[in-house]
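Worksheet: one structure, shown below.
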Amino acid sequence: MLIQILPELGLYAMMLALAMALVQAIVPLAGSLTRRPLWMSYAVPMAWGQALFLLTAFVCLALGFLFNDFSVTYIADNANSNLPWYYRLSAVWGGHEGSVLLWSMMMAFWGLAVSVFSRNLPRDMLARVLSVLGMINAGFLIFILATSSPFDRILPVPPSDGADLNPLLQDPGLIVHPPMLYMGYVGFSVAFAFALAALMGGRLDAAWTRWARPWTNLAWAFLSVGIALGSWWAYYELGWGGWWFWDPVENASLMPWLAGTALMHSLAVTEKRGGFKSWTVLLAIVTFSLSLLGTFLVRSGVLTSVHAFANDPSRGTFILILLGLTVGASLTLYAFRAPRVKSPLGFGWFSRDAMLLFNNILLLVMMVTVLLGTLYPLILDSLGLGRISVGPPYFNTLIVPLTVALGLFMGTGPVTRWKQMAPRELIKRLWLSAIVSLIVALTIPWLYDGAWSLPVSLGLLVAAWIVVPLVREPLTLIRRFGLRGPAKLSRSHYGMVLGHIGMAMTIVGVTMVSNYDHADNVRMRQGHSVEVGGYRFTMTQLNEVHGPNYLADRATVRVTQGDRLIAMLHPEKRFFDARRQAMTETALDHGLTRDLYVAMGEPLDDGESWAMRIQVKPFVRWLWLGALLMAAGGILAVCDKRYRHRSRTRQAMEARP
Amino acid sequence: MKAHRRQRLTLIVVLVALAGVAIGLALYALRANMNLFYSPTQISAGQAPGGRSLRAGGVVRGNSVQRDQQTLDVTFTVTDFEHDVPVHYRGILPDLFREGQGVVIVGTLDERGWIEASEVLAKHDENYMPPEVDGALKAAEASRAIPSDAPAVADSRASGTP
């Protein structure tokens, strides 16, 4: 009985959550304007209730999937009784309706987290922050209820079985990729809410940045992991070994990441030095707006992509209106309030302030580059000027040199001092690092490949230049205080170090895999063998296997190098019954310095041969490991001690008249 | 105070100059790497430029896919049910490539009127029609004079359009 009404319960829970979000949006804000503590105190309980009811709705939907309730349209479209239970669970966010519910639930949980961990905020600030979060989620919940409820039923005659989850999404990487990405997207709403609350209160001092920083770092860490998982998934599931396609959907996640990276660094300047105040606020607005733009691009169906499963134009319009309102309202507020903020600041061209300024400029130029390449085709199309697509060469020719420039500042930045520094002193601190980096950059291509290569050297130079100067600080401390010296550096410093090393690792991965990979498309029969990149691939067997919801052709490929057996690989070509769709299941032998990649293309006419794609991908793991390291750096910085002394900040705030 | 202002002025001038250079470069790169979409009808009418990268699309004509027996060369025909364009490709076709399916091809047009494909895209589920192809089919349908052809097209589109 209860099982049958679960979808209705879920729907009611969502409506209750909307009601609470509306109260949370309006009452505390009104309270903070009229100075009524009672009204302001509505914020926290509403945030809790909203999170509770959205969790209820989400659990109802998940249970519907587990119990195979195919009378619900969304479940019937995205699951099948033969689907294994874990994919039935991840199918909850496998389509449009469920993923927007997930988005909204995460939004509520960020609000909950803010209310728990920021209890020490001044009361009116907390009320305003939660009110802004409430407004965003109210908008989103109205969107879900009006256009994309996951609980719609197919009555009176429900289908006997579901259409199954898109086979591309039946993959462990895809279980975690969307939640991570959404955590990142949605997490930037917290920085946004703090920025707006600070604007409303006119209290744009360093305090709001200290509160906003850990939240921004956390959101950024999630987004980094989300993007890396997406790229990794595309690598083995979609892309025939490619790891980034400059697909509009990838770009949609990269843009908030770039803006968010700029925001993190700008927040550092505002907190430490009180500079860039209005700039930081603007970046917080831009970052969250780009998150919303990303959601719009992906969810509205304007893009041609695997992710674009919503083709209902009303949804696109709705999100566009939501985006317009958010951006319009926040920029209006900014326009009225920001000019009052003065940043009384002067700094030299070789100071850390200046380095971070260049970092911000470069990151934003990169963001605009991506934005232009992503939106240009959409704009031309909507103006009726023809359908175009912008190819990867556009992005590569612009992003690669910009990354090199960014890397130069990343090496310099951490060794500079705030405010003022003589160029001579900077050179004194950096010359040795420069020489070491140059040696690394020039010798490694020789050692690895036996030949000199300009692009590889350039990439490695940038990576080494980022890492080597970071050693200086701990070394000086060791010299001065002995082995316990490095412990004197704060966790946020080590967070920065980890993040930068992660970036360098990613650069190494990109450089090596772009320049040294081997790929070959071949015809293969049983017993046939080919040599790719110094490895010999032999197809030893070809048979059929039965999976829970598919039938597969499976090859066994033996990989040898000389006489040594390296790996036995089992690529598959799966055929999913419910959707009548074929899927390539790649076989990988991964290692720190190289991946061996075998994929079955298609059966050829003679009935025995297959078109196979065989690749050797050097250092490709470094790409994603680097991203994980960056995320770890972000999280380490959140754990910094000074964020735990917030109660003192509050006392200081309240002591002030 | 004056030094402060001068610094700000330098900063603004540098920023504007940098932004100008960046936008100029971006637009240049954009123009050089833009792939315009052409329908089979446009290609047959000679509207597509030869020798540079373009996108073309249509439905893969039934029984037109031919694989070479020794290599991975494959040829097929894309159509908007008005005009056909032959395509040559070397490599592995995507999982969702099938006769009767809408595909988008990135490649160049040679002198013989063939498209030499560098990429064949059909990565959506079978109910999905790439919007470009959908548009091309609709345009071809609108220009069609003979109505007796229509049911066949409607059938093939029924399986294609969402």
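We did not get these values from a lab; they are worked out from the coordinates using the rules stated. Note that the structure is a prediction, hence the values are computed from the model and not measured. Positions of Cβ are generated from backbone atoms using ideal geometry, with glycine treated the same way; all protein chains shown enter the neighbour counts.
Say a paramagnetic label sat at a point 7 Å from the Cα of B:R31, along Cα to Cβ; which residues of the range A:360-376 have their backbone N under 18 Å from it?
Taking a point 7 Å out along Cα→Cβ of B:R31, the residues of the range A:360-376 whose backbone N falls under 18 Å are A:372-373, A:376.
Once Rh for the range A:1-170 is found with the Kirkwood sum over Cα pairs, what is the Stokes-Einstein diffusion coefficient at 25 °C and 0.890 mPa s, in µm²/s?
Using the Kirkwood radius from Cα pairs, D works out to 147 µm²/s.
In 10 Å bins starting at zero, report the fraction of Cα pairs in chain A per bin as a rounded %.
3, 14, 23, 24, 20, 11, 4, 1, 0
As a check on your grasp of the helix formula, calculate [θ] at 222 nm for chain A: sum -39500 (n - 2.57) over DSSP H runs of n ≥ 4, divide by the residue count, round to the nearest 500.
-21500 deg cm²/dmol
Just report the Cα centroid separation between the range A:545-617 and the range A:513-541, whole Å.
12 Å
Where the centre of each part is set by its Cα atoms, how far does the range A:63-95 sit from the range A:344-402, in angstrom?
Measuring centre to centre over Cα atoms gives 40 Å.
Going by the alpha-carbon gyration tensor, a ≥ b ≥ c the square roots of its eigenvalues, is the range B:1-125 rounded (a/c under 1.5) or, if a/c is not under 1.5, prolate (a/b greater than b/c) versus oblate?
Prolate.
Within 11 Å, Cβ to Cβ, of A:V598, how many net charges do the neighbouring residues add up to if Lys/Arg are +1 and Asp/Glu are -1?
So the environment of A:V598 carries a net charge of -3.
For chain A, calculate the relative contact order in percent as a whole number, restricting contacts to Cα pairs under 8 Å that are 6 or more residues apart.
12 percent
Just to verify a number: FRET efficiency for A:A338 and A:D449, C-beta to C-beta distance, R0 = 60 Å, to 0.05?
With a Förster radius of 60 Å, E is 0.70.
For the range A:105-173, compute the orientation-averaged projected area of the C-alpha convex hull (one quarter of its surface), in nm².
7.8 nm²
Determine the sum of side-chain charges near B:F37: Lys and Arg each +1, Asp and Glu each -1, restricted to other residues whose C-beta is under 13 angstrom from that of B:F37.
After counting each charged neighbour, the total is -2.
R0 = 56 Å: FRET efficiency of A:I142 with A:W349, Cβ-based, nearest 0.05?
Plugging the Cβ-Cβ distance into 1/(1 + (r/R0)^6) gives 0.70.
Go through A:K488/A:K641; A:K277/A:K419; A:K419/A:K641; A:K419/A:K488; A:K272/A:K641 and tell me which ones have a Cα-Cα distance over 20 Å in this structure.
Flagged as over cut-off: A:K419/A:K641; A:K419/A:K488.
State log₁₀ I(q)/I(0) for the range A:518-621 at q = 0.16, 0.18, 0.24 Å⁻¹ as given by the Debye formula over alpha-carbon point scatterers of equal weight, solvent excluded.
Log10 of I(q)/I(0), two decimals: -0.67, -0.83, -1.30.
Summing +1 for each Lys or Arg and -1 for each Asp or Glu, what net charge is found among the other residues whose Cβ lies under 15 Å from the Cβ of A:G607?
After counting each charged neighbour, the total is -2.
Please compute the modelled spin-label separation between A:E425 and A:R119, points set 7 Å along Cα→Cβ, answer in nm with one decimal.
4.4 nm
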